[in-house]
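Enquirer: What follows is a single structure, and I will ask about it in a moment.
The values are calculated or read from the model by the stated rules, or taken from the named source; none is laboratory data. Note that the structure is predicted; figures quoted are calculated from it, not measured. Cβ sites come from the backbone with ideal geometry, for glycine too, and all protein chains shown count toward neighbours. In case anyone asks, the SASA skips ligands and DNA or RNA and just uses the protein heavy atoms, side chains included. Shrake-Rupley method; radii C 1.70, N 1.55, O 1.52, S 1.80 Å.
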Amino acid sequence: MNTKQGEVSLKEIAKVFTKLGSIGFGGPAAHIAMMREEIVVKREWMDDQHFLDLLGATNLIPGPNSTEMAIHIGYDKAGWKGLIIAGLCFILPAVILTGLVAYFYKSYGKLPQVQPFIYGVQPAIIAIILGAVFPLAKKSIKSSFLACLGLIVLLASLMGISEIILMFGAGILAYAVFYINTTRNTLQSFLPLPWLLIIQNVFYNTTNMQLFWIFLKIGAILYGSGYVLFAFLDTELVQTGLLSKEQLIDAIAVGQFTPGPVFSSVTFIGFQINDVTGAILSTLAIFLPSFILVALLNPLMKKLRNSKGLSIFFDAVNIASVALIIAVCLTMTKEVITDWQSLVVALLSGILVFTFKKVNSAFIVLTGALLGYFLF
C-alpha cells in the first residue's frame with residue numbers, strides 16, 4: 001500500500017478486520033480501541049479527527065456500534081466493496097465460533113469451561129480501552145464548552161440516562177449555543193438521519209420468517225449496548241415462548257466469551273430455535289440494517305462537515321461518544337476489579353499499554369487470558 005490516507009486494497013481491509021473480529025473481546029468500547037490502534041496508529045489510514053467523526057456517526061444510528069464502525073471504515077477506504085468486506089470480515093469470525101458453540105450446546109446441553117480465561121481478559125480489556133480513549137479525548141476537546149459538555153454526558157451516563165438521549169441532546173445543545181451566538185444560520189432545517197421502520201407481523205407464517213422479521217426489526221431500531229439487546233430478546237422471544245430463559249442466559253454468556261460483536265449471540269439463539277437455517281437468517285437480519293444505514297450516511301459525512309452548524313453538532317456528538325466510552329470503562333472497572341488477582345492483571349496490562357505504545361492488542365488479550373488461567 002503506497003498511500004496511507006487514500007484508497008486501501010480489499011485484501012488489506014479483509015486482513016485487518018478478520019484480525020479484529022478474531023481478537024475483539026470486551027464489547028464495543030474495546031473494539032473501538034482496537035480499531036483505533038490498527039487504523040489510526042499502526043496503519044495511518046486516517047487521522048483521529050476523521051476517526052472521531054465516524055465514531056460519532058455510528059452513535060447517531062441504531063445497530064451495533066463497533067460493527068458499523070468497521071463498515072464505515074471499509075466504505076471510507078474502498079467504497080461499496082470495502083463496506084461489504086470490512087463488515088463481513090469483522091462479523092464472520094464471531095458468527096462461525098458462535099455457531100460451533102451453538103451446535104455443541106444443542107448436542108450436549110452445556111457451555112465450555114472458559115470462565116478462568118474471561119476473568120483475565122476483562123481486566124486487560126480495560127487497559128486497552130484506556131489506552132485509546134485518552135488520545136481521542138484530547139482530540140475531541142476543542143473548547144472549554146465541549147470539555148464541560150463531555151463531563152456532563154459522562155456523569156449523566158453513570159446515572160443511567162439513555163445513550164441516545166445523551167448523544168442527540170449533546171448535539172442539539174451545542175447547535176443551540178452556536179445558533180444563539182451567530183448572526184446567520186448555516187444549518188439547514190432538516191438533519192438527514194435515516195430511520196428504518198419494520199412491520200413486525202409481516203410474513204409470520206414460518207419460524208424462520210418470524211425470526212427474520214424479529215431480528216430485522218431489532219437491528220433497525222436498537223440503540224445502546226448488548227444488554228439492551230438482551231432486554232429486547234427477552235420480550236420478543238422468551239415471553240412469546242420461542243426461547244427459554246436459560247437459553248437466553250447462555251446466549252448472553254456466549255456473547256461475552258466469544259470475540260467480535262455481541263450481536264453474534266443471535267446466531268446462537270437462531271440455532272437453538274431452528275438449527276442452521278434459523279442461525280443464518282437471524283444473523284443476516286440483525287446485521288443487515290447496519291450495512292444499509294452506513295451506506296446511506298457515510299457519503300453525507302463530508303458535506304455535513306462543510307456546514308459550520310452541523311460541524312458544531314458533530315463535535316458535540318464526538319465528545320459525547322468519548323464520554324460514553326469512559327463511562328463504560330468506569331462501569332467495567334467497578335464490576336471487574338473485585339479482588340487482587342484482577343487488579344494485578346489490570347495493572348500489568350496498563351503497564352504494557354502505556355509503556356509499550358505499539359504493543360499489539362492481541363498480545364495484551366492473550367496475556368490477560370493466560371494470567372486469568374493461572375491466577376484464578
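Enquirer: Mind ranking 358-369, 155-166 by how tightly packed they are, going by the mean number of other C-beta atoms within 10 angstrom, highest first? The partial results should precede the final answer.
Expert: Values: 358-369: 19.2, 155-166: 14.9.
The packing order, highest mean first, is 358-369, 155-166.
Enquirer: What net charge do the residues around LEU158 carry, taking every other residue with its C-beta under 15 Å from that of LEU158, with Lys and Arg at +1 and Asp and Glu at -1?
Expert: Details: positive: LYS334; negative: GLU163, GLU335.
Here the count lands on -1.
Enquirer: Just the number, please: carbon plus sulfur as a percent of the accessible area of the chain, 1.4 Å probe, no ligands or DNA/RNA counted.
Expert: Working: 11440 of 17230 Å².
Whole-percent figure for carbon plus sulfur exposure: 66.
Enquirer: Hey, what's the chain come to in accessible area per residue, 1.4 Å probe, Å²?
Expert: 46 Å²
Enquirer: Below 17 Å, Cα to Cα, which aspartates and glutamates can LYS142 reach? Residues fewer than 8 away in the same chain don't count.
Expert: Qualifying aspartates and glutamates at Cα under 17 Å: ASP47, ASP48, ASP53, ASP315.
Enquirer: Do the sum for the chain: with -39,500 (n - 2.57) for every DSSP H run of n ≥ 4, divided by all residues, what is the mean residue ellipticity at 222 nm, to the nearest 500 deg cm²/dmol?
Expert: Details: 15 runs with 275 residues, N = 376.
About -25000 deg cm²/dmol.
Enquirer: Need the list of lysines near LYS139 for cross-linking: C-alpha distance under 25 angstrom, and skip anything on the same chain fewer than eight residues off.
Expert: LYS4, LYS42, LYS77, LYS302, LYS303, LYS308, LYS357, LYS358
Enquirer: Place +1 on the Cβ of every Lys and Arg and -1 on the Cβ of every Asp and Glu in the chain, take the dipole about the Cα centre, and give the residue among PHE212, THR267, ASN59 whose Cα lies farthest towards its positive end.
Expert: Positive-most Cα among the choices belongs to ASN59.
Enquirer: Continuing with this model, one more query. In what sequence, largest accessible area first, do LEU371, LEU136 appear using a 1.4 Å probe?
Expert: Highest to lowest solvent-accessible surface, that is LEU371, LEU136.
Enquirer: Cα centroid distance between segment 283-348 and segment 5-79, in Å?
Expert: Rounded to whole Å, the Cα centres lie 11 Å apart.
Enquirer: Could you size up the charge dipole of the chain around its Cα centre, putting +1 on the beta carbon of Lys and Arg and -1 on that of Asp and Glu, and report it in debye to the nearest 20?
Expert: Details: 24 positive and 19 negative charges, 182 e Å.
My answer is approximately 880 debye.
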